[in-house]
């Protein structure tokens, strides 16, 4: 369904330079934030917030019959991004994605997010696998 494109030369660990969608239905995941199942913002450090965000993304993927291995792209937005945060971001991301075929990825520093305690938000694009549930279209 997905084919990574990684030309020779400098590479960023844990991402594909591009992903080609060979077949399947696209799923666009809204920005997911570090809230628990009760909608309460997790007041913790960046890595713990990322773990919660990826847990929430996984719940959404599972509801559509997909897994993190079906991700074509992720975008990570970090409030007040600092270069020394990169190892923590990679650790959390690498616990979630398929390292054998990582999605295309972007990391963007932002001034603020929707809530003062939220340090990170992640959105994504996935390709649903064959046999994933069909959903009714609404008008």
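Please report, in cubic angstrom per residue, the volume enclosed by the convex hull of the alpha-carbon atoms of the chain. Spell out each step's value before the answer.
Values: hull volume 17.6 nm³, N = 139.
Looking at the chain, the number lands at 126 Å³ per residue.
What share of the DSSP beta bridges in the chain is antiparallel, in percent to the nearest 5? Present the calculation step by step, with values, prior to reporting the outcome.
Working: 18 of 25 bridges.
If we restrict to bridges inside the chain, about 70 percent are antiparallel.
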Per-pair calculated FRET efficiency, R0 = 30 Å: residue 11 and residue 135 via Cβ, rounded to 0.05: 0.25
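For a quick check: sort 30, 105, 83 by the number of other beta carbons within 10 angstrom, fewest at the front.
On the way: 30 11, 105 20, 83 7.
The fewest-first ordering by Cβ neighbours comes to 83, 30, 105.
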Test of understanding: in a Gaussian network model of the chain with alpha carbons linked when under 10 Å, which of 56, 84, 38 would top the mean-square fluctuation ranking? 38
Between residue 48 and residue 108, the two model label points (7 Å from Cα along the beta-carbon direction) sit apart by a distance in nm of 2.8
For labels at residue 95 and residue 82 in the simple 7 Å Cα→Cβ model, what's the distance in nm? 2.1
Rounded to the nearest 0.05, FRET efficiency between residue 3 and residue 59 (Cβ-Cβ, R0 35 Å) equals 0.85
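Give me the percent relative contact order of the chain, please, defined on Cα pairs under 8 angstrom at least 6 residues apart.
Values: 256 pairs, mean separation 51.2, N = 139.
After rounding, I find 37 percent.
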Between the stretch 32-50 and the stretch 52-119, how many Å separate their Cα centres? 12
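Would you calculate a helix-derived [θ] at 222 nm for the chain, using -39,500 (n - 2.57) for each DSSP H run of n ≥ 4 and dividing by the full residue count, to the nearest 500? Write out the running numbers ahead of the final one.
Details: 2 runs with 29 residues, N = 139.
Computed ellipticity for the chain at 222 nm equals -7000 deg cm²/dmol.
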Within the stretch 62-104, what residues put their amide N at less than 19 Å from the label point 7 Å along the Cα-to-Cβ vector of residue 22? 66-73, 98-104
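Read-outs throughout are calculated quantities, based only on the coordinates presented, and are distinct from any laboratory measurement. Everything quoted here is computed from the prediction, not taken from an experiment. Neighbour counts are summed over all protein chains in view; Cβ atoms, including those assigned to glycine, are modelled from backbone coordinates with ideal geometry.
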